[in-house]
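The values are calculated or read from the model by the stated rules, or taken from the named source; none is laboratory data. Since we're looking at a predicted model, the values are computed, not measured. For neighbour counting, all protein chains shown are included, and Cβ atoms are generated from backbone atoms with ideal geometry for every residue, glycine included.
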Amino acid sequence: MIKIPKFKRDKYIFISNLKDVTANPDYPITMRRDGYLLSSQYTNRSLEALAKLVKARRNLLVSDNGNFTRMKSITSRFSLRGEAILALAIEEVKKDDKVKHETLEQRVDLILEVEKACAQELAEMDFEAIIRKQLSINPDYMIAMEDLTIPVMMMLGLMHPVFEPSANNVSKHQNNSIELYKTQSSGKMGSADGLSEVAKFHVLHAYDYASAFQGAKEIRKKLSPEGIAISYGGPMKSRRWVTSLKFGDKVETFKEKLPEPYLAATALTLGAAKGLESGVPVHILGVGTPILIAMISTLLPESSAISIDSTAPFKDANVGTLYGSKSAFIKMDQYKVAAYSLINNSPFTSRTPFFKQFEHDFPSNWDALRAELGVTTNSKIKDIASILKKETELTEKYIPFFSKMRSGKDEMMKRLRMDRAGHNFWILRNICVSVRDRMDDNDDLNKWIEYQVSRYCSVANRKWAEAVKHCFELSKKY
């Protein structure tokens with residue numbers, strides 16, 4: 001069995017999804033990563049070969065079971081009904097201060113259908129084939145088999161605080177995941193020899209503090225897992241707003257509606273940490289938000305190693321979202337960044353090696369673009385950003401790093417896919433390095449996090465800033 005953490009680097013590490021954009025042997029700079037994750041859903045011969053290559057470079061390699069794809073598919077079948085029930089419940093609480101009995105019955109009926117759909121999906125899964133595919137890349141960690149129900153219910157809005165959901169009602173699904181982990185670890189699903197060489201991470205699904213605490217206590221009582229994976233799939237997919245969160249018997253109420261994702265993710269992580277009370281390694285599934293990656297470091301103080309994965313760096317790069325660290329750990333619209341640079345006559349720069357290499361090979365000409373657009377210090381960011389978004393030939397000609405992604409095999413576009421994703425990754429990687437440098441000194445780490453939260457709140461959207469501020473306060477309180 002491998003040691004966790006195997007290297008100091010593995011104590012707090014961001015894991016990139018394995019694909020040609022993130023690991024291209026023809027462009028070695030892409031391989032300046034520390035770890036990769038590959039889902040069994042996408043594993044094929046070419047990616048198996050790529051996995052072998054990155055493993056030879058001593059990268060940490062994680063194999064996912066592909067279940068989030070299955071969860072999203074099930075969610076899509078019920079999404080309209082879930083949205084309608086939640087919207088109705090929220091309106092009823094506004095009007096009468098309670099959800100009507102009929103609406104609660106609709107919710108129960110939908111939950112029963114979701115449970116049936118998830119159970120059927122599990123019954124039809126070929127566990128032996130999935131595990132064999134996971135092991136085919138010779139991973140260091142593998143995400144073990146799990147029940148699918150809780151994330152689906154959360155993505156459908158069925159676990160929203162307006163319904164006052166009870167943790168007891170999801171315990172059967174948490175225990176099903178425990179039984180699946182036991183069965184897999186025993187070798188009854190096949191590949192017993194291969195499994196003995198890999199760290200198997202049990203997946204803890206929860207929707208709030210109490211359900212995570214409950215699930216973690218059951219894990220501690222019934223299992224000795226080599227690692228725990230906490231799924232952020234439900235919270236981070238939320239586009240909902242909340243006015244309160246429950247922490248056991250206590251209710252934290254906010255003065256206004258705040259976006260749910262960071263708050264829910266923080267609450268369930270704190271509940272998991274409280275329930276586990278151990279140094280078990282933890283892998284966070286599905287979070288690529290810079291400020292949240294920084295804050296996670298204080299949520300699991302006893303864990304011997306924390307790894308975090310997300311598809312966000314390259315997905316965000318594709319749609320024109322850049323990560324920043326100069327003013328704050330924040331996501332930025334690339335056209336607004338470019339507009340700001342033009343108006344202030346201050347060309348965009350970045351210390352990431354990916355940006356530097358791209359800028360060297362495809363240099364910008366900010367002065368020429370500023371002159372062509374007639375930009376002055378009195379120009380409006382919104383107006384200039386709108387022009388840049390529409391006039392794609394201008395960005396490609398003068399500031400290639402800010403080009404809109406398009407089809408095509410020309411060298412500039414191929415490199416843009418790799419380097420803009422690489423830039424975003426490097427911001428996250430540097431956050432992890434900063435955390436590792438402080439993990440042995442809690443006071444230093446907490447001061448650093450407090451400073452980063454303060455920076456974020458000074459520049460972010462006010463609602464998201466309030467949510468982050470509350471996340472930090474709750475992390476200290478609980």
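Checking the condition modelled with pLDDT under 95 and of a type in the set (A, V, I, L, M), which residue from 319, 287 passes?
Numbers: 319 fails: modelled with pLDDT under 95.
287 is the lone residue from the list that is modelled with pLDDT under 95 and of a type in the set (A, V, I, L, M).
Any residue in region 76-91 that's on the phi < 0 side of the Ramachandran plot and assigned by TED's automatic domain parsing to the domain that holds residue 117: show its pairings with residues that are at pLDDT 95 or above and part of a helix (DSSP H, G or I) at Cβ separation under 6 Å, as long as the two are six or more apart or on different chains.
81/110; 85/106; 85/107; 88/103; 89/103
Which one is nearest to residue 33 (Cα to Cα) among residues in region 327-354 that are assigned to a strand (DSSP E or B) and not β-branched (Val, Ile, Thr)?
Looking at the filtered set, the residue picked out is 331.
Among all residue pairs at least 6 apart or on different chains, which show Cβ distances below 9 Å where the first residue, located in region 95-118, is modelled with pLDDT of 95 or more and the second is acidic (Asp, Glu) and surrounded by fewer than 13 Cβ atoms within 10 Å (Cβ to Cβ)?
The qualifying pairs are 99/164.
Mind counting the residues in region 67-85 that are crowded, with 20+ Cβ neighbours inside 10 Å and aliphatic (A, V, I, L, M)?
3
Would you pick out the residues in region 190-236 that are over 18 Å from the mean Cα position of the chain (by Cα) and among the aliphatic types (A, V, I, L, M)?
192, 195, 198, 199, 210, 216, 219, 223
Scan region 17-53 residue by residue and report those that are touching a residue at least 60 places away in the same chain (Cβ under 8 Å) and assigned to a helix (DSSP H, G or I). Spell out the reasoning first.
Pass one, region 17-53, residues touching a residue at least 60 places away in the same chain (Cβ under 8 Å): 17, 19, 21-22, 24, 27, 29-30, 32-35, 37-38, 40, 43, 47-48, 51-52.
Correct list: 29, 30, 47, 48, 51, 52.
Any chance region 301-308 includes a residue that's within 12 Å of the chain's Cα centre (by Cα) and either buried (at least 21 other Cβ atoms within 10 Å of the Cβ) or touching a residue at least 60 places away in the same chain (Cβ under 8 Å) (or both)?
Yes: region 301-308 contains one or more residues that are within 12 Å of the chain's Cα centre (by Cα) and either buried (at least 21 other Cβ atoms within 10 Å of the Cβ) or touching a residue at least 60 places away in the same chain (Cβ under 8 Å) (or both).
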